[in-house]
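Enquirer: Take this structure first; my questions come after.
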Amino acid sequence: MRTTLLNVLKPVASTWILFLIAMSVFSILNIDFTLTDFIYRLQGNFWAWKDTLITQKILHKGGKWLSLTMGLATLLLLILSTMVTHLKAYRTPLLYLFSATLISTLLVATIKHLVSMECPWDLDRYGGARDFIGLLNNRPSSIPASACFPAGHASAGYTWIAFYFFFAAIRPNWRWAGLALGLGLGLTFGITQQLRGAHFLSHDLWTVMICWTVSFVLSRFLLTPSVH
């Protein structure tokens, strides 16, 4: 078990080190503010796309329901796999897919409530009333908590990165399509929230890393992929 655990943790640790270095450069170059400044100016220096039909109703609320429906469908298939002969071979992969997506979503939601950071629309720079406090800065107790980090709505898409590992175990030729679906949903939901002023780009990148880590680690314990 120790060797197996080390084999799992080594690539995860290496990837996280590279990610943290990239995030440090990201912060030094002020990429978050540069991009958000551009988006804000594009909308006329206010969040014109915050409550539009397509961003709020369709892509935000609708996106949540889409991901929830996909999760419930996975759970239903998992339950059926305990009873239907033709699905029994997929029981463990379905258990993996349901577990990975659920844990990723819950983990992002938990971190959002443990780590307090403002959304762009909260900041005085973008029409709000608060100053920016970085992730590693001390936060005065007088400032109310704000659950904007990491990107929760994007996790409803990026959690489906697990499709890559799921299909690698049962239909290897479909694994890249599965990855494209997870990334596509995550990018769509993430960009939507950036356009609304709800998140910085870095918030989404943290969400991608969290979802990938959960999917990767669980795949090494639950799946026997045909390819990696």
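Enquirer: Return the distance in nm (one decimal) between the two label points of a simple spin-label model at His113 and Trp65, each offset 7 Å from Cα along Cα→Cβ.
Expert: With each label placed 7 Å out from Cα toward Cβ, I get 2.5 nm.
Enquirer: Which value does Rg/Rh take for the range 47-198 over its C-alpha atoms, Rh per Kirkwood? Walk me through the intermediate numbers first.
Expert: Numbers: Rg = 18.5 Å, Rh = 17.2 Å.
Ratio value, two decimals: 1.08.
Enquirer: Taking amide H positions as placed in the peptide plane 1.01 Å from N, state which residues far from Arg130 in sequence (5 or more) or on other chains have amide H under 5 Å from it.
Expert: Leu123, Asp124
Enquirer: Another question about this same structure. Quick one: which residues, 5+ away or cross-chain, put their amide H under 5 Å from the amide H of Glu118? H built at 1.01 Å from N.
Expert: Ile133
Enquirer: Separation of the range 143-181 and the range 77-104 by C-alpha centroid, Å?
Expert: Cα centres, the range 143-181 to the range 77-104: 17 Å.
Enquirer: Show that you can apply the helix-only estimate: for the chain, add -39,500 (n - 2.57) for every DSSP H stretch of four or more residues, divide by all residues, and state [θ] at 222 nm to the nearest 500. Don't skip to the end; give the middle numbers.
Expert: Values: 8 runs with 142 residues, N = 228.
Dividing the helical sum by the residues of the chain leaves -21000 deg cm²/dmol.
Enquirer: In addition: Just check the range 118-228 against the gyration tensor rule for me: Cα atoms, a ≥ b ≥ c as the square roots of the eigenvalues, rounded for a/c under 1.5, and otherwise prolate or oblate depending on whether a/b exceeds b/c. Mind showing how you got there, number by number?
Expert: Working: a/c = 4.65, a/b = 2.32, b/c = 2.00.
Prolate, since a/c reaches 1.5 and a/b exceeds b/c.
Enquirer: What is the list of residues in the range 155-198 whose amide nitrogen lies under 14 Å from a point 7 angstrom out from the Cα of Ala73, following Cα to Cβ?
Expert: Counting backbone N atoms under 14 Å from the label point, the list is 160, 163, 178, 181-182, 185.
Enquirer: I'd like the FRET efficiency for Leu35 and Thr92, computed as 1/(1 + (r/R0)^6) with the beta carbon distance as r and R0 of 41 Å, rounded to 0.05.
Expert: 0.50
Enquirer: Moving on. What would the Debye equation give as log₁₀ I(q)/I(0) for the range 1-91 at q = 0.25 Å⁻¹, counting only Cα atoms as equal point scatterers?
Expert: Normalising to I(0) and taking log10 leaves -1.05.
Enquirer: Provide the FRET efficiency to the nearest 0.05 for the Ser142-Ser27 pair, computing r from the beta carbons and using R0 = 30 Å. Walk me through the intermediate numbers first.
Expert: On the way: r = 25 Å, r/R0 = 0.82.
The pair Ser142/Ser27 has a calculated efficiency of 0.75.
Enquirer: Right, something else. Give me the orientation-averaged projected area of the Cα convex hull of the range 45-136, in nm², one decimal. Walk me through the numbers before you get to the answer.
Expert: Working: hull surface 33.7 nm².
Answer in nm², one decimal: 8.4.
Taken together, the values in this text are just the output of simple stated rules run on the coordinates, not laboratory data. Fair warning: this is a prediction, and the values are worked out from it, not measured in the lab. Please note: Cβ atoms are built from the backbone with ideal geometry, for glycine as well, and neighbour counts cover all protein chains shown.
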